[in-house]
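Just below is one structure, and these are the notes that go with it.
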Amino acid sequence: MTHDRNSVYTGHAGADAPLDHGWLLGHFKPPDDPRHSTDVEVKWGVHPRGDRRARWARGERRTALLVLVSGRFHVLLPDRTVILARQGDYVVWGVGVDHSWYAAEDSVLVTVRWPSVPGYAVT
């Protein structure tokens, strides 16, 4: 991985993701880091089978996109459960949609949220 003043960063999601609970890009990165953004957040999520969100996310102020890379992953929404089972399956929800999740199998996902809102925990 490298980081230089020319706004270029190269790395590996598997190595970099654990440093911020999976988050690779967002407001929580240092301002001089090319991965700093107030517009968007990107996460490389690696979840072992049985992993689940500790509690529901409520009062969401962002839009989110989750894309399944591998595994089987359940996204719990107020009125339904969305099962991501095939590589490339995805779900999008908007502002105000409460949610939770659990990994039915070892799973890898890419999550994109926007905007990147300070004050939210990096979890």
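FYI, it's all coordinate maths here, none of it is from the lab. Computed from a prediction, not measured in an experiment: that's the story for all the values here. Note that we place each Cβ from the backbone using ideal geometry, even for glycine, and neighbour counts take in every protein chain shown.
Just a few scattered comments:
- Size of segment 66-123: Rg and Dmax of its alpha carbons, in Å, are 11.8, 33.
- A simple rule links phi to the HN-Hα coupling: the Karplus curve 6.51 cos²θ - 1.76 cosθ + 1.60 with θ = phi - 60°, which for segment 26-43 gives x, 4, 7, 7, x, x, 8, 8, x, 7, 6, 8, 9, 8, 8, 10, 10, 10 Hz, with x for Gly and Pro.
- Sequence-distant residues sharing a close amide H with S70 (under 5 Å, placed H): V108
- Angstrom value of the Kirkwood radius, inverse mean 1/r, which spans all Cα pairs in the chain: 15.0
- For K29, the amide hydrogen comes within under 5 Å of the amide hydrogens of S37, counting only partners 5 or more places away or on other chains and with H modelled in the peptide plane.
- A Förster radius of 25 Å combined with the Cβ-Cβ distance from H74 to D39 puts the calculated FRET efficiency at roughly 0.30.
- Our coupling estimate for segment 10-17, obtained by passing each phi through the Karplus curve with A = 6.51, B = -1.76, C = 1.60 and θ = phi - 60°, is 10, x, 9, 4, x, 8, 7, 4 Hz, Gly and Pro reported as x.
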